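Let me begin by presenting the structure, written as structure tokens, before commenting on it.
The values are calculated or read from the model by the stated rules, or taken from the named source; none is laboratory data. These numbers were taken from a predicted model, which means no experiment stands behind them. For neighbour counting, all protein chains shown are included, and Cβ atoms are generated from backbone atoms with ideal geometry for every residue, glycine included. Heads up: the accessible areas ignore ligands, DNA and RNA and are worked out on the full protein's heavy atoms, side chains in. Shrake-Rupley method; radii C 1.70, N 1.55, O 1.52, S 1.80 Å.
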Amino acid sequence: VLDSSPIDPCFVGETLVAMADGSFTRIDQVEVGSIVKTLEGEATVLRWFDQGVKDVLELDFGETKIVCTPNHKIRTTSGWVEAQHLTAEHEVVGL
């Protein structure tokens, strides 16, 4: 989680995270101190939170699927939108 992160970090453990070295690691295996890729460049993981068991939904973008909590904010060209409120009119950034 970045200090300035506007998101509620609620992805399932199997979610893959892009690492700075070009590899991918399950989000539940990323450690504090790891360097990950973000939309703004590379960043060091400062901390992470185990959110426990929550309801999730699956967003299907064709070749890419995201499983997250309904209130997880997704970055779009019109700003951050909760996953549960995404519509076909939203253009998601960074998939």
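Considering 38, 77, 15, 64, which residue is touching a residue at least 12 places away in the same chain (Cβ under 8 Å), open to solvent by 60 Å² or more (accessible area, probe 1.4 Å) and out of contact with any Pro (no Cβ under 8 Å at 6 or more places or on another chain)?
77
Considering only the range 41-61, how many residues are part of a strand (DSSP E or B) and surrounded by 11 or more Cβ atoms within 10 Å (Cβ to Cβ)?
Count: 5.
So which residues in the range 38-95 are within 16 Å of residue 12 (Cα to Cα) and hydroxyl-bearing (Ser, Thr, Tyr)?
Hits for the range 38-95 are 64, 69.
Can you tell me how many residues in the range 25-35 are without any contact (Cβ under 8 Å) to a residue 12 or more places away in the chain and closer than 19 Å to residue 74 by Cβ?
Residues that pass the stated criteria total 0.
Give the residues of the range 80-95 that are aliphatic (A, V, I, L, M), under 20 Å from residue 38 (Cβ atoms) and either modelled with pLDDT under 90 or exposed (fewer than 13 other Cβ atoms within 10 Å of the Cβ) (or both), sorted by residue number.
If the condition is that a residue be aliphatic (A, V, I, L, M), under 20 Å from residue 38 (Cβ atoms) and either modelled with pLDDT under 90 or exposed (fewer than 13 other Cβ atoms within 10 Å of the Cβ) (or both), then 93, 95 are the ones that fit.
Filter the range 22-35 down to residues that are surrounded by 13 or more Cβ atoms within 10 Å (Cβ to Cβ) and in a loop (DSSP other than H, G, I, E, B) and give me whichever is nearest to the chain's Cα centre (by Cα).
Taking the candidates together, the pick is 30.
When you look at residue 25, is it among the hydroxyl-bearing types (Ser, Thr, Tyr) and at pLDDT below 90, yes or no?
Taking the combined requirement at face value, the residue does not satisfy it.
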